[in-house]
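Here is the structure we will look at.
The values are calculated or read from the model by the stated rules, or taken from the named source; none is laboratory data. What you see is a predicted model; the values in this text were computed from it and never measured. Cβ placement follows ideal geometry from the backbone for every residue including glycine, while neighbour counts extend to all protein chains displayed. Heavy atoms of the whole protein, side chains included, go into the accessibility calculation; ligands, DNA and RNA do not. Shrake-Rupley method; radii C 1.70, N 1.55, O 1.52, S 1.80 Å.
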Amino acid sequence: MTSVAIVTGASSGIGAATARRLAAEGFHVLAAARRAERLTDLVAEITAAGGQATAVTCDITSDESVARLAEAAAQAPGPVTLLVNNAGGARGLDPVESGSVADWQWMYDVNVLGTLRVTQALLPALEASGSGTIVVVSSTAGLTVYEGGGGYTAAKHAQTAIAGTLRLELCGRPLRVIEIDPGMVKTDEFGLVRFEGDAERAAAVYAGVPGPLVAEDVADCIAWCATRPEHVNVDRLVVRPRAQAAQHKVHRVS
């Protein structure tokens with residue numbers, strides 16, 4: 001039977017690229033996100049390319065919505081062997097002393113509690129498959145902090161903690177936990193969400209950077225990790241563009 005992969009945040013960016021890539025790898029993809037129209041277009045694209053996918057409208061900040069995702073997984077045409085917790089995001093670039101509590105709350109709800117909800121809901125199906133893989137798409141922001149990034153780095157550090165804790169707790173069961181930590185990735189929406197639609201400010205983050213990562217680069221990493229033999233666990237994969245030596249060290253050209 002065809003293995004089923006579930007990808008959250010699949011309506012754009014890394015999530016959409018991952019859905020396409022996993023479908024090309026032979027998975028039936030349940031593409032989950034809030035924006036139904038985008039999911040419909042994505043599924044049509046995947047199907048036209050010869051892949052298999054199903055759209056599932058899901059808000060990972062809602063217990064009821066995540067429960068419906070689990071119900072959709074139970075009706076999928078094969079065992080659920082892969083969950084990619086990709087949904088997340090950043091808001092603001094304010095120092096801790098003046099940061100918006102609402103922005104911090106949103107980042108924690110989406111990045112941390114969203115990962116918790118979805119993982120809890122899908123864990124039984126993943127284990128029942130006999131060889132389940134949980135991917136947590138965190139960030140290099142989950143490994144180090146930077147000025148103005150307190151809320152986002154706090155949320156991503158928490159995601160990293162979830163991945164590490166899960167790996168310990170699930171040891172001995174037919175499940176593996178993989179953490180993917182991208183650095184600078186240029187996507188259509190990440191910066192726009194962070195800066196409340198300010199396209200100029202979003203573009204400035206990547207100004208002069210030769211060859212930032214794109215969504216397909218991260219999708220490639222996710223697919224490679226997820227398709228290793230089942231006894232192989234890639235605990236953590238950190239991926240940055242060559243121009244980014246560290247969070248604070250980025251080569252730019254004028």
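Summary table
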item	result
Percent RCO, i.e. relative contact order, over segment 4-250, from Cα pairs under 8 Å lying at least 6 residues apart	20
Between segment 9-87 and segment 147-223, the Cα center-to-center distance that results, in Å	19
When the chain is reduced to its Cα atoms, the Kirkwood hydrodynamic radius in Å	18.3
On Cα atoms only, tilt of 150-169 relative to the major axis of the chain in degrees	30
nm² value of the averaged projected area, convex hull over the Cα atoms of segment 1-103	7.3
Nearest-ten-degree value, helix 63-74 long axis tilted from longest Cα axis of the chain	40
His251-Ser98 FRET efficiency (beta carbon distance; Förster radius 30 Å; 0.05 resolution)	0.50
Segment 123-254 - share of DSSP beta bridges that are antiparallel (%, nearest 5)	15
Loop GluC sites (Glu not before Pro), segment 97-164, which have at most 11 other Cβ atoms in a 10 Å radius of their Cβ (DSSP)	Glu147
Heavy-atom accessible area ranking, 1.4 Å probe, most first, across Met107, Met1	Met1, Met107
Protection proxy ranking of 224-230, 151-157, 181-187 - average other beta-carbon atoms within 10 Å, highest first	151-157, 181-187, 224-230
Cα extents of segment 84-143 along the three principal axes, largest first (Å)	48, 21, 13
Virtual spin-label span in nm between Glu230 and Ala161, 7 Å along Cα→Cβ	3.3
Cα-based convex hull, segment 40-99, per residue volume (Å³, whole number)	139
Tilt relative to the chain, helix 114-128 - C-alpha long axis, 0 to 90 degrees, to 10	30
Reciprocal mean inverse distance between Cα atoms of segment 141-219 - Kirkwood radius, Å	14.7
Neighbourhood net charge (13 Å Cβ-Cβ; Lys/Arg +1, Asp/Glu -1) for Trp224	-2
Additional length obtainable on full extension of the chain from Ser131 to Ala24, 0.36 nm per residue less Cα span	36.5 nm
Interatomic Cα distance distribution for segment 48-174, bins of 5 angstrom, percent	2, 11, 18, 20, 17, 14, 10, 6, 3, 1, 0
DSSP-defined beta bridges in the chain - what % are antiparallel, rounded to 5	5
